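Below: the structure, in structure tokens.
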Amino acid sequence: MSPAALRSLRIQLAGHRQQALERSRQRLVIGVLLFIALAIVVGLRLFDLSVLQAIRRGPGIDILATLKPPRADIVDRNGEVLATSIKVQSLAVRPHLVINDREALVERISRALPDLDPSFIRRQVMASSKFRYLKRRLTPEEVARINAIGEPGLEFQDETERVYPNGKLAAHVLGYTDIDNEGRAGIERSFNERMLDPARLSKPMQLSIDVRVQHALEYELQAAMNSFAAIGAAGVVMDVRTGEVLAMASLPVFDPNAVSRSPNATWFNRATLGVYELGSTFKAFTTAIALDTGVVTIDKRYDATVPLKVGRFTINDDHPKKRWLTIPEIFIYSSNIGTAQMAVDSGTQTQIDYMRKLGFLEPEKIELAETAQPLYPKVWGKIATMTVGYGHGIAVTPL
């Protein structure tokens, strides 16, 4: 090949290489631009999901609810956990963000959450509002089934659920919280602010209750209810030296883990909210008043040979001895006749004063909101003095 021809070939080859390099540079620039565009699109989508949608949500979501702190634990006198909080998730729908066919979505949610009414799901999904709850307190299995749907309009909300590990035990003492974590009864209600105080969350609230004594009390009360076919029962175990309540029960009882599924009648605390004529237990106070004021001595006797007639009323003994009785005998044999006469001798005003000092004329001062006003005679005359003496005509709570 001549030198001229060789030179021409070299020029052609150099031109081809230059064209190839130029094409490579163009492809590289296009690739970089595409990558940058894709990164911008992803970034904008993330910004939309995290910021812009939060702004568009408006007042539909209870932002304060998501910021509420969990509640402090409640423990018994020995540190046994009576109430605690766990993290759970709730499901909501944002109808304006739903991208799939809504009827199909209703069907898929119904299959994932079979306990929900399909008509309720349809109303929530088809709603014109921006935020609707579908279900609170989902199980991990339910969360997984909803995630599998892959609908961006469905959203999980982090919440806390109050749990009572011992079930129904001491339910009326502990009370319960509503779905928004607010105390609605018992200790949960009375100390709601303390339970939510961020500075005190790490320190459990310790009660005077002993779960062992509480369990024994509830067991025996239930056995007595079954034995006598009773509709209810109440009991209190106290340390008389300190006034601490070691156990307090009211039957029938509700489950604080599922309050809405418990009959309304079980919510009533018979120990602190129910008032009853407690009968012969009051004879102890009548006897103590008479002895404390010096109206009687141990040897004093009262005529219990026949029923006591006062106007059109007659006072009888359930187990009459039909003889004169000493003060100890009146107490031992639970004589209504003798106690009524002792109350009259002590005097109406004295009886009222002592009843007030003993706290029987006012609601009990305890750390529960569920306390009742005692019932006593508006006109406290001689007959009322007699009947109150043996526990009738005055109604107080068992506590």
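The values are calculated or read from the model by the stated rules, or taken from the named source; none is laboratory data. As the structure is a prediction and not an experimental result, all values here were calculated from the model. Note that each Cβ is placed from the backbone with ideal geometry, even for glycine, and that neighbours are counted across all protein chains shown. Only protein heavy atoms, including side chains, enter the accessible area calculation; ligands, DNA and RNA are left aside. Shrake-Rupley method; radii C 1.70, N 1.55, O 1.52, S 1.80 Å.
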(request) Roll a 1.4 angstrom probe over the protein heavy atoms and tell me the percent of accessible area of segment 116-246 that is carbon or sulfur. (result) 54
(request) Using a 1.4 angstrom probe, figure out how much accessible area the chain has per residue, in square angstrom, rounded to the nearest whole. (result) 57
(request) Would you mind giving the average projected area, over all directions, of the Cα convex hull of segment 335-385 in nm² with one decimal? (result) 4.3
(request) First compute the accessible area of segment 266-394 with a 1.4 Å probe, then give the percent of it belonging to carbon and sulfur atoms. (result) 56
(request) Order the peptides 259-268, 30-39 from the highest to the lowest mean number of other Cβ atoms within 10 Å of their residues. (result) 259-268, 30-39
(request) Report P(r) for the chain: all Cα-Cα distances, bin width 20 Å, range 0 to the bin holding the largest distance, values in whole percent. (result) 19, 32, 22, 14, 6, 3, 2, 1
(request) Could you work out how far the C-alpha centroid of segment 154-207 sits from that of segment 362-398, in angstrom? (result) 33
(message) Under the rule a/c < 1.5 gives rounded, and otherwise a/b versus b/c splits prolate from oblate, where does segment 266-373 land using the Cα gyration tensor?
(response) prolate
(message) Students sometimes get this wrong: rank 254, 331 by accessible area, probe 1.4 Å, all chains present, largest first.
(response) 331, 254
(message) Taking R0 as 22 Å, what FRET efficiency do you get between residue 362 and residue 313 from their Cβ-Cβ distance, rounded to the nearest 0.05?
(response) 0.20
(message) With unit charges on the beta carbons (Lys and Arg positive, Asp and Glu negative) and the dipole taken about the Cα centre of the chain, which residue among 374, 104, 75 sits farthest to the positive side?
(response) 104
(request) Quickly work out the residue 26-to-residue 184 label distance, labels modelled 7 Å from Cα along the C-beta direction, and quote it in nm with one decimal. (result) 7.2
